[in-house]
């Protein structure tokens, strides 16, 4: 379903408020900014579902400070200029109280500096560039999901334990791909000084359809390990083409930085090879807690599929906004932004705290090897590692953040 520029609100919510969906008074409005078209549209769809589910739960329980919540979605198309324009529309025209979203690090790098102008809190749930809560940080930008620095520290620990010595990468030719490789290389070199960080790398453009020359080039270099950071539709296309070329039949240690995205795993099915390392911000079957079990069960009932990390992140971001409003006793955007600082909430993934100083959630990634097919139609994860956020997060000094 296309979700561009639509207002999502339940009929029950409207009846409870005694007003139309478009009414302005006594409504807390959340603006969602995600990719809702193109090869990565499924990520935005899952995020929209997670936000809708959280809002419906909150509204059915009486709302927040006696007010109902509404969701307005915009398609940023994975483009910085489009994302900035959409954010301004949501703030200045639609008068949202807070923003949630962003799939692309490129969009984050463009939008985060603008948040000081918009004076509205933004909770990032997907884009992983460390600069959003690093050198570009500000008092209005928060991130509830794992960033690249946290994820690549964890990946480097796993890579070091394999004993593989020659490492290269295949990643998208923009911030996410290059930053992932740089951070992985730095961490792995620190942990294993005798590793070789190869100069022969591959960075196809985001949205590329033919990965064959890049795959062949990497295979010719005969690495021991390959870090792969392609995602979305690119990840699906890459795996299918790599299978045809025998890439996974080589003796490589393969690490997909966001390979355990259920959006991609559902599309690939058995085509995702067993045994490769898959990283994710959240894995629905790796947290044995009541809040996670309830979230997963309810999500499956509603959408007939297990929740992705993007769905969980968006769901949790809505609850973080609710908690901040209750903490502030106010729905004003600037008050919400202040209240988010230092806030701790319990979420399906884990307890999350927005660290005072950089507004980054102290949350660790999950890594595991691709196992047998599960009853949910996706590869299971085995040898699961749920990393401690505090242990894999850079210090405040290292982030270069000056809020």
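The values are calculated or read from the model by the stated rules, or taken from the named source; none is laboratory data. None of these values were measured; they are calculated from a predicted model. In this analysis, Cβ positions are derived from the backbone assuming ideal geometry, glycine residues included, and neighbour counts consider all displayed protein chains.
Key figures for this structure:
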| item | result |
| --- | --- |
| Region 213-222, residues that are within 29 Å of the chain's Cα centre (by Cα) and either surrounded by 13 or more Cβ atoms within 10 Å (Cβ to Cβ) or on the phi > 0 side of the Ramachandran plot (or both) | 214, 215, 218 |
| Filtered residue count, region 176-212, keeping only those that are in contact with a helix residue (DSSP H, G or I) (Cβ under 8 Å, 6 or more places away or on another chain) and crowded, with 20+ Cβ neighbours inside 10 Å | 13 |
| Test: residue in region 232-246 that is modelled with pLDDT of 95 or more, in contact with a strand residue (DSSP E or B) (Cβ under 6 Å, 6 or more places away or on another chain) and surrounded by 16 or more Cβ atoms within 10 Å (Cβ to Cβ) | no |
| Residues satisfying the stated conditions in region 177-202, i.e. under 13 Å from residue 156 (Cα atoms) and part of a helix (DSSP H, G or I) | 180, 181, 182, 183, 184, 185, 186, 187, 188, 189, 190, 191 |
| Among the residues listed as 91, 146, 96, the single one being in a helix (DSSP H, G or I) and in contact with a helix residue (DSSP H, G or I) (Cβ under 9 Å, 6 or more places away or on another chain) | 91 |
| Selected residue [under 16 Å from the mean Cα position of the chain (by Cα) and closer than 29 Å to residue 401 by Cα] from 127, 87, 80 | 127 |
| Positions within region 301-314 being assigned to a helix (DSSP H, G or I) and closer than 22 Å to residue 128 by Cα, in sequence order | 309, 310, 311, 312, 313, 314 |
| Criterion violated by residue 339 - all others in (1) surrounded by 15 or more Cβ atoms within 10 Å (Cβ to Cβ); (2) under 27 Å from residue 155 (Cβ atoms); (3) without any contact (Cβ under 8 Å) to a residue 40 or more places away in the chain satisfied | (2) |
| Every residue from region 223-251 that is in contact (Cβ under 8 Å) with a residue 40 or more places away in the chain, in a loop (DSSP other than H, G, I, E, B) and more than 21 Å from residue 373 (Cα to Cα) | 223, 224, 229, 230 |
| Verdict on residue 157 being touching a helix residue (DSSP H, G or I) at 6+ places or on another chain (Cβ under 8 Å), farther than 24 Å from residue 366 by Cβ and outside any strand (DSSP E or B) | no |
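Here is a yes/no grid of residues against (1) out of contact with any helix residue (DSSP H, G or I) (no Cβ under 8 Å at 6 or more places or on another chain); (2) under 22 Å from residue 137 (Cβ atoms):
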{"site": "288", "(1), (2)": "yes, no"}
{"site": "291", "(1), (2)": "yes, no"}
{"site": "298", "(1), (2)": "no, no"}
{"site": "313", "(1), (2)": "no, yes"}
{"site": "331", "(1), (2)": "no, no"}
{"site": "345", "(1), (2)": "no, yes"}
{"site": "352", "(1), (2)": "no, yes"}
{"site": "366", "(1), (2)": "yes, no"}
